[in-house]
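Structure, as structure tokens:
Derivation of every value follows stated rules applied to the coordinates shown; laboratory data play no part. This is a predicted model, so every value here is computed, not measured. Cβ atoms come from the backbone with ideal geometry, glycine included; neighbour counts cover every protein chain shown.
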Amino acid sequence: MSKVYFAPARARHWDYSASQVAGLERLIEKMDFGSAIAEGEYVAIKTHFGSEGAHRIVRPVFLRKIVEGVKAVGGKPFVCDTVRIQGWDYLEVANQNGINPQSVGCPVILADGLFGCDSIEVKAGPVLGSVRVASAIHDAPAMIVVSHCKGHIEAGYGGAIKNLAMGGAAGRHRSGDWQQARGHLHAAGAESSVVRDAELCIMCLQCLHVCPTEAISEADGGLVVDSEKCWRCGRCERVCPEGAIRLQKRGRDEFQMALAEGAKAVLSTFQPGKVLFFNFVLEVQPECDCMPMADTPLVQDRGILASRDIVAVEQAALDLINKAVPLPDSLAEDRGLRVGQRILAEALGVDGQLHVDAAARIGLGSQKYELIEL
Ligand code: SF4
Ligand code: SF4
């Protein structure tokens, strides 16, 4: 049974010690950073920078506390994510969302470089074969995985596993081959491409505006998709209001397995005991932080979890969400959800439990945990 420490969100008395920030400090102390980080070691603090319009990320105040914890034991922290849109623009998104060296107290970088193609190929499982791990994560001797727990249209749930599988892989490959980069997790096979149904398309151009690679353009009164430029990120499909544009993707079960394999490949670049996990079960919105908006949360803030076991911390986060009361004026209410239902799975129609189960099956950790409230 793995230990998962928990700092609840409720602040029941008027004192700093009751704050969520103080709760995080207690978690940091309990996680004993010195046991995972040696003097002078570089430490990747892997988080998600969010998106223009998606502001419900792990706030800079929390990142700063983790940075301070790393520095306190002599580590050299850097906060990082990987390229989702063009690198320069993504750093600007981070800045807009309040993540910069001044706010967090250390360098803020793109782990796969400004152009998203600095990566090292790492062996993965039978679904993926291999993954191109972002070089700054690959080369870092230690890592703290700081994840915002929320829904995800394709994965059903996005926490630490998705943060590593998707976010630890490079955005693109120098050759332009999408199968050598993150798109490889979404789509399988050389025939995978984006297809548009002209009958359904209302030419709202949302897909064109959200595409990070300018692969979609207007032509002859319609749209064309440049298959060479396309990263297979799936953003166009997610924003299309008419279901008129689709990325030919992996099957659902295969994708869930791909997430587990991807996370395992990233973790395989670290020695045992060198990676710690913090799951922020706050502002649990239905969608990924890479979307151009953030809906209201499905459940009330639960708090922050910390563990050395990625599966245990993910299972604890899902359990906290599933036991919570669905909030009014949210997608949970729109779906008529009630207490006791599996909120993310029912709200999104995709069961994120599947990739947590898959991660346990391939030996990433234990689904049995002891929740220790601090
Ligand atoms: S999947 Fe869609 S949004 Fe993503 S790069 Fe390809 S065309 Fe652009
Ligand atoms: S988002 Fe959908 S409906 Fe709008 S232009 Fe693109 S394919 Fe057409």
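Once the Cα-Cα distance is subtracted from the 0.36 nm per residue extended length, the M1 to E68 segment shows a gain of 21.2 nm. The modelled label-to-label distance for the pair I120/E373, using points 7 Å beyond Cα in the direction of Cβ, is 4.3 nm.
In the chain, the longest principal axis of the Cα atoms and the axis of helix 87-96 are about 50 degrees apart. Once both axes come from the Cα atoms, what is the angle between helix 310-323 and the longest principal axis of the chain, in degrees from 0 to 90, rounded to 10? With rounding to tens, the tilt is 80 degrees. All distinct Cα pairs of the chain go into the 1/r average, and the inverse of that average, the Kirkwood radius, is 20.7 Å. Backbone N atoms of region 217-259 closer than 13 Å to the 7 Å Cα→Cβ label point of E199 belong to residues 244. By the count of neighbouring beta-carbon atoms within 10 Å, fewest first, R252, R302 end up ordered R252, R302.
Between D253 and V325, the FRET efficiency from the beta-carbon distance, with R0 = 45 Å, is close to 0.90. Taking the centroid of alpha carbons for each part, region 183-252 and region 294-338 are 30 Å apart. Estimated from helical segments only, the mean residue ellipticity of the chain at 222 nm is -8000 deg cm²/dmol, where each DSSP H run of four or more residues counts as -39500 (n - 2.57).
Compared with the direct C-alpha span, the chain from R174 to E242 gains 21.1 nm at full extension, assuming 0.36 nm per residue.
Restricting the calculation to Cα atoms, region 230-286 shows an Rg/Rh of 1.09 when the hydrodynamic-style radius is the Kirkwood one. Extension gain for A219-W88 works out to 44.4 nm (0.36 nm per residue, less the C-alpha to C-alpha distance).
The label point for R361 and the one for Q300, both projected 7 Å from the Cα toward the Cβ, are 3.7 nm apart.
Of the residues G234, L200, A219, the one whose Cα sits farthest towards the positive end of the charge dipole of region 193-247 is G234 (charges of +1 on Lys and Arg Cβ, -1 on Asp and Glu Cβ, taken about the Cα centre).
Rounded to the nearest 20 debye, the dipole size of the chain about its Cα centre is 980 debye, using +1 on the Cβ of Lys and Arg and -1 on the Cβ of Asp and Glu. Residues in region 333-374 near a label at H13, defined as backbone nitrogen under 17 Å from the 7 Å Cα→Cβ point? Under cut-off, by backbone N: 374. Take the Cα of E52, step 7 Å toward its Cβ, do the same at Q96, and the gap between the two points is 0.5 nm.
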